[in-house]
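Encoded as structure tokens, the structure appears first; notes follow it.
The values are calculated or read from the model by the stated rules, or taken from the named source; none is laboratory data. Computed from a prediction, not measured in an experiment: that's the story for all the values here. With ideal geometry, Cβ positions are generated from the backbone for all residues, glycine too; neighbour counts draw on all protein chains shown. Calculation scope for accessible area: heavy atoms of the full protein, side chains included, ligands and nucleic acids excluded. Shrake-Rupley method; radii C 1.70, N 1.55, O 1.52, S 1.80 Å.
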Amino acid sequence: MEEKKIEVKMKRRWGMVVDLDKCTGCGKCSVACNQENNMPIFEDDSDVPKRVAFLELMKVTNDRDAKFPDVKTAYLPKMCQQCEGNNSGKHKAEPPCVSVCPAVATDVGDDGVVSQVWSRCIGCRYCQTACPYEARAFNWWKPEYDGSFKKSLNTEVSVASRGTIVKCTFCSHIWKRERDKAVAKGILDINDVSYTPACVGTCPTGAMVFGDLNDPDSEVSKLASTDRAVRLTNVIDDEKNPEKKKALLNKKQFANPKVYYLTSQSWLRDMMRFKKNS
Amino acid sequence: MKKIERKDFLKLGGGAVLGGLSGWVFSGAPFLGFQWLAEWTQDQYVPVKGFEKYAQAVSDSCPAGCKVSVRMIGERAVKIESKEGVCPSCHNALQLTYHPERISTPLKRKGNKGDGKFAPVSWDEAIKDISAKMNSIIAEGKANSIAAINKNESLNGQLMEKFIRSAGSNNVYYEPSLKSLTSSALGGYVNYDFANTDYILSFGAKLVEGWDSSADMQKIFTGWKARGTKIVQADTVCTMTASLAAEWVPVKPGTEAILAFGIANYLITGKRLNSTGEEFGKWSQLIINKFPLAKVASYTGVSEDKIKKIGDEFSKAKNPVAVAGKGACGVSASSAEIIAIYCLNTLVKSRAATLMKNSAVTYTGEFAGLDSFIKNGSFSMLFLNNADPVYKSVFGEELKKKMEKAFVVSINPIMNDSANYADYILPSLSFLETATPENQPVVASFKESKDTKEVIISLSKAIEKTKNTFAFSNGIDSFKISGKESASGARFSFNVDKIKNELDALDKKFASNAEYPLFMIPVEAPLVGDGDGLAFPYVLKSIDPTVFYREKLLVQINRETGKKYGLSENESIVIKSERGKLSKVYVHLTDTVAPDTVAIPLGFGHESYTVYGSEKGVNPKKIMAADVDPLTGTADWWSTRVKIS
Amino acid sequence: MRRSLLLFFTPFIIFTWIFFGISQKGCDSVMQADAAKKIPFSHKTHVEKYGISDCTTCHGYEENGRFKGLPTIAECTACHARDGVTTSDDHSVPRKKTMFDSYKDSDQPWGSFAKQPDLVYFSHNVVMTAKYEDGRLKARCGSCHGDKALTTDTKMLKGKMLMGQCMDCHTALNLSNKCAVCHD
């Protein structure tokens, strides 16, 4: 039998697709994420700008512009979009948050997942400002777990300190967990490891899909290239002319997120791109 | 030797201090000192490590009995996972199991009811006291004054029903659910064959938002999308179901029943369809006379053409089904409405709706349903089986007064509004701590909490009359007598005599009313449902700021209506109905709600539901419509005439 | 003048020595050198006498790939049976050790010198199974922990295990040093 060369260089590029035509707003992704990532517990968590949550279940309606009964509602699970940025003439490709962090607390991993190491964070919140998607949460208070709630904490995610930023990491600790399991079974190639983040794993309608964007046969790659795919306010996506697009990409930095949303509803497409109802 | 003077002391002292300092510095301690200081001041909790594995459990939150995998680290359960998707109740079971306000021992009331003062007692003492009381009531021949209210018809509810009935009481009730309402109205609850239908006409049933079995419905919805099943949603608010439906038919608040009458009218007169239900002739005469299409159009806001179009599509579909049960987790429907909607199924000979019954569950007791019991019944002893009728029933305040005069025992894991009025609280387990024929408990029982099944069984053994009701003594064996589902065998009847008055009332309700010009209807937030979710911190993290924000509960009002009443965003208003008023509600202007409607979130306003659930918003049930339906025995609280100021 | 110097330096030296000592103890605790070692253990005896050459005999892995770490008393009593003989002429028989009597099988009497803070993820499995193309293992237990095989006591060998140690090896082997590789 041919000896497979054991690959140590990461070739994956993790991305996610959320099908808003299938999302029923059940909220299970939110609970699963909170449970998996040791979200701090507060008695009143209604102050949304200060809420510490990796996944925000946004309720979106077009009622700013539309009148009853031409209204619609949708729920949009929003987490860190794991931006890639782009190589423009002056800057190398990196997410907006990574480019501004003075303490290198956030960095892009080899698999495209933007890591957040709270212990390096100095709490300047520059990244929180830079993030175009408001996906980062700041620990205004010390993360605490009232009494016996401590018993349901996950050891794979460390508890951050007060004054640091935390965010969704596409459950990269689950990748590590799966890597351990694979190696125990004798599968040593780093690219043979696949995993499912907490939110995707619990979605009951299959609206959330996760996979390798570098693999053209993966479901995420296929879904992300369909007509229904749209990304949250990534302005360059609206530029249809390929030459103009290339020129813009060379001149400016765009977020270039790796989370795609699928929707057949044009009002939702427009809202996600901050455009008025077409 | 010269004497040591002050100057010398300075030298000594200086030497000491500088010596200490240099010793400290040269040991490298300052750097490490800062590191230590940072860690000590942060004082972060480090979760306890342990052997990682997966354990299996079966949920008993509802009759669906979903199977889940539980990720364990050592002895601790840290995550509930399932390939199938589980309902919020299941997910919340993890936070329930480890909730710091979990009740650890049986509690006995000290002080007045409602004060919330309880003292721990032993199980022996509690069972002794409760059984003594129950035995004496039965001995006096007043067994019927012993009542029980079950949360749902899972095995726990079935056992309680058997126990109380064998004690000689007919007063066993279930909190109103889709199954209980339709069962009372139709003689069996409706089993929808959603997988094989191509056209769904939903009358306010928020199919994907917690209606019926939430876990099942999510899967069913995925199937609908794959097969292109057409969903037509008649609803007042554009919620997710309405948005995801192929067509949203906006109706004026609470008029879903009227729409059903209109469509039935059209199908009978326009398309000459017949129903096999008993008294069909009588019923159709009533409907045709009382609800001509023009009136239906004006009441519902749906044009006559549209009504006809829906009727046409519905009857032409291959296997259409009409779905009754307005709401999501909390459903409400009058029997007239349920009958009319089921009639539509019979008119088109739908194969997707059949009537079923459960061999171990009887929804009616001495009174037709829970609300009529609370309103008109009396009891000297009451068992609450994880139920919270003080919060969920419109007669919550009346129930409080009756509970104050009776001996009340509540079986539940955390305090709720109803348990606050109990004499004894017996702590129960979450499903992670109970064994089923398919699995061992995943987590050890919390302190002295016991499995509800075992509590009921030990109570039954302590009561003279029910000593032999259960042939077993542990919870696992009780699964043997779990109820079986079968066709109900009942003949669908229109029950015209019973619902005649309701039809009149509906007619009057939607005529214009100067004193109460608006309608208040409920909406639900994901995970909060009709109240159960609010005790769990992770549920709080999902609440949208247009529902509840910084101590303000927001009600949704249409912009035009808002303009009419001069309302601005976030303004504080008072909502008044015939039954009372709600203050401390705030306005959110949105066109996702029909005009002249106040859409108020359910699930808030608990009085004692842990620190996470209490003192948040108001409970609209307090002022919601309380006309008790003659067949279901439940108040149709869905639409309430209100005015705002 | 001499007197002044005496008055100054006597306490200076004494206090330097005292505070140095106290600070050392403090540093030790931060530098992890004071991990509890409640039971004496000689690697040399066990390795030579009983021919245990594979560290994973006592420092093994779970089925899911996680490393078990320092052994529990159960590993010891597996050979040093609780109901065994306390003396024996046959030196190849593991004898009962009375020092285990006050411990349960699930106790872990040793703290780890290599203990990492909560935010560090390290997989022994991944690192220890990594091989070069010619089949040699890239890392051995001693590479990071020092060669304990022939030690007779439980003293710390290599000093606190800091991040630099990991990064140096990763750099040398051309492996990724991105934050997410080890941190969550």
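Residue check, B:Ser177 against (1) out of contact with any helix residue (DSSP H, G or I) (no Cβ under 6 Å at 6 or more places or on another chain); (2) surrounded by 24 or more Cβ atoms within 10 Å (Cβ to Cβ); (3) closer than 30 Å to B:Gly210 by Cβ; (4) not β-branched (Val, Ile, Thr), all met but one. Which one? Answer for B:Ser177: the failing condition is (2). Scan region A:246-269 for residues that are surrounded by fewer than 17 Cβ atoms within 10 Å (Cβ to Cβ), touching a residue at least 60 places away in the same chain (Cβ under 8 Å) and within 27 Å of A:Val60 (Cα to Cα) and the total you get is 2. A count restricted to region B:198-212 and to residues that are open to solvent by 20 Å² or more (accessible area, probe 1.4 Å) and among the small types (Gly, Ala, Ser) stands at 0. Selection over region B:333-384 of residues that are at pLDDT 95 or above, in a strand (DSSP E or B) and not aliphatic (A, V, I, L, M) gives a count of 1. Every test in (1) at pLDDT below 85; (2) in contact with a Cys (Cβ under 7 Å, 6 or more places away or on another chain) is passed by C:Asp107 save one, and that test is (2). The residues of region C:129-146 that are touching a residue at least 24 places away in the same chain (Cβ under 8 Å), open to solvent by 40 Å² or more (accessible area, probe 1.4 Å) and either within 22 Å of A:Ile174 (Cα to Cα) or assigned to a loop (DSSP other than H, G, I, E, B) (or both) amount to a single one, C:Lys138. For region A:183-196, the set of residues classified as more than 8 Å from every other protein chain (Cβ to nearest Cβ) and in a helix (DSSP H, G or I) consists of A:Ile190, A:Asn191, A:Asp192, listed by residue number. Within region B:66-114, the set of residues being under 19 Å from B:Ile411 (Cα atoms), open to solvent by 30 Å² or more (accessible area, probe 1.4 Å), free of Cβ contacts under 8 Å to residues at least 60 places away in the same chain and under 25 Å from the mean Cα position of the chain (by Cα) comprises just one member, B:Pro100.
Residue-level analysis places B:Lys7 outside the set of residues that are more than 7 Å from chain C (Cβ to nearest Cβ), more than 30 Å from B:Arg71 (Cα to Cα), without any contact (Cβ under 8 Å) to a residue 12 or more places away in the chain and assigned to a loop (DSSP other than H, G, I, E, B). Each residue in region A:51-92 was checked for being surrounded by fewer than 15 Cβ atoms within 10 Å (Cβ to Cβ) and more than 10 Å from chain B (Cβ to nearest Cβ), and 5 of them qualify. Considering (1) among the β-branched types (Val, Ile, Thr); (2) within 27 Å of B:Ala215 (Cβ to Cβ); (3) under 15 Å from the mean Cα position of the chain (by Cα), the lone condition that A:Val157 does not fulfil carries the number (3). Residues that are farther than 21 Å from A:Phe170 by Cα and of a type in the set (S, T, N, Q) do occur in region A:86-95.
Each row is one residue, and each column tells you yes or no for (1) closer than 28 Å to B:Gly603 by Cβ; (2) in a helix (DSSP H, G or I); (3) of a type in the set (A, V, I, L, M, F, W, C); (4) open to solvent by 20 Å² or more (accessible area, probe 1.4 Å).
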position	(1), (2), (3), (4)
B:Leu399	yes, yes, yes, no
B:Met403	yes, yes, yes, no
B:Val408	yes, no, yes, no
B:Asn416	yes, no, no, no
B:Ile425	yes, no, yes, no
B:Leu432	yes, yes, yes, no
B:Pro441	no, no, no, yes
B:Phe446	yes, no, yes, yes
B:Leu459	no, yes, yes, no
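Contact annotation: residue pairs with Cβ atoms under 9 Å, 6 or more positions apart or on different chains, pairing a residue in region B:329-351 that is farther than 25 Å from B:Val394 by Cα and of a type in the set (S, T, N, Q) with a partner that is assigned to a helix (DSSP H, G or I) and open to solvent by less than 10 Å² (accessible area, probe 1.4 Å), are B:Ser350/B:Leu344.
Each row is one residue, and each column tells you yes or no for (1) touching a Leu at 6+ places or on another chain (Cβ under 7 Å); (2) part of a helix (DSSP H, G or I).
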{"residue": "B:Ala242", "(1), (2)": "no, yes"}
{"residue": "B:Lys252", "(1), (2)": "no, no"}
{"residue": "B:Ala257", "(1), (2)": "yes, yes"}
{"residue": "B:Ile263", "(1), (2)": "yes, yes"}
{"residue": "B:Thr276", "(1), (2)": "no, no"}
{"residue": "B:Ser298", "(1), (2)": "no, yes"}
{"residue": "B:Lys309", "(1), (2)": "no, yes"}
{"residue": "B:Ser315", "(1), (2)": "yes, yes"}
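Every condition in (1) closer than 30 Å to B:Leu37 by Cα; (2) free of Cβ contacts under 8 Å to residues at least 40 places away in the same chain; (3) more than 9 Å from every other protein chain (Cβ to nearest Cβ); (4) not hydroxyl-bearing (Ser, Thr, Tyr) holds for A:Gly147 except the one numbered (3).
Given the condition among the β-branched types (Val, Ile, Thr) and within 30 Å of B:Thr229 (Cβ to Cβ), answer yes or no: does some residue in region A:39-51 qualify?
The initial filter retains those residues of region A:39-51 that are among the β-branched types (Val, Ile, Thr), namely A:41, A:48.
From what is left, the residues that are within 30 Å of B:Thr229 (Cβ to Cβ) are none.
Checked region A:39-51: no residue is among the β-branched types (Val, Ile, Thr) and within 30 Å of B:Thr229 (Cβ to Cβ).
Filtering region C:36-61 to residues that are open to solvent by less than 50 Å² (accessible area, probe 1.4 Å) and either among the aromatic types (Phe, Trp, Tyr) or touching a Lys or Arg at 6+ places or on another chain (Cβ under 7 Å) (or both) leaves C:His43, C:Gly60.
Using the structure shown, decide if A:Ser30 is open to solvent by less than 20 Å² (accessible area, probe 1.4 Å), more than 17 Å from A:Val230 (Cα to Cα) and free of Cβ contacts under 8 Å to residues at least 24 places away in the same chain. Against the criterion (open to solvent by less than 20 Å² (accessible area, probe 1.4 Å), more than 17 Å from A:Val230 (Cα to Cα) and free of Cβ contacts under 8 Å to residues at least 24 places away in the same chain), A:Ser30 does not qualify. Screening region C:85-128 for residues that are within 14 Å of chain A (Cβ to nearest Cβ) and among the hydroxyl-bearing types (Ser, Thr, Tyr) and picking the one that is least open to solvent (accessible area, probe 1.4 Å) gives C:Ser123. Note on region B:385-397: residues that are of a type outside the set (A, V, I, L, M) and in a loop (DSSP other than H, G, I, E, B) amount to 4. Looking only at residues in region B:10-48 that are of a type in the set (A, V, I, L, M, F, W, C), at the interface with another protein chain (Cβ under 7 Å from one of its Cβ atoms) and farther than 30 Å from A:Glu156 by Cα, the one that is most open to solvent (accessible area, probe 1.4 Å) is B:Phe26. Condition check: in contact (Cβ under 8 Å) with a residue 12 or more places away in the chain and in contact with a strand residue (DSSP E or B) (Cβ under 9 Å, 6 or more places away or on another chain). Does B:Lys290 satisfy that? For B:Lys290, the condition - in contact (Cβ under 8 Å) with a residue 12 or more places away in the chain and in contact with a strand residue (DSSP E or B) (Cβ under 9 Å, 6 or more places away or on another chain) - is not met.
Return the residue satisfying two criteria in turn: it lies in region A:93-110 and is of a type in the set (D, E, K, R) and within 11 Å of another protein chain (Cβ to nearest Cβ), and of such residues it is farthest from the chain's Cα centre (by Cα). Filtering region A:93-110 for residues that are of a type in the set (D, E, K, R) and within 11 Å of another protein chain (Cβ to nearest Cβ), the one farthest from the chain's Cα centre (by Cα) comes out as A:Asp110. Against the list (1) away from chain A (no Cβ under 13 Å); (2) at positive phi; (3) open to solvent by less than 20 Å² (accessible area, probe 1.4 Å), the condition B:Leu527 fails is (1).
Out of A:Trp175, A:Trp140, one residue alone is assigned to a helix (DSSP H, G or I), touching a residue at least 40 places away in the same chain (Cβ under 8 Å) and more than 10 Å from chain B (Cβ to nearest Cβ). It is A:Trp175.
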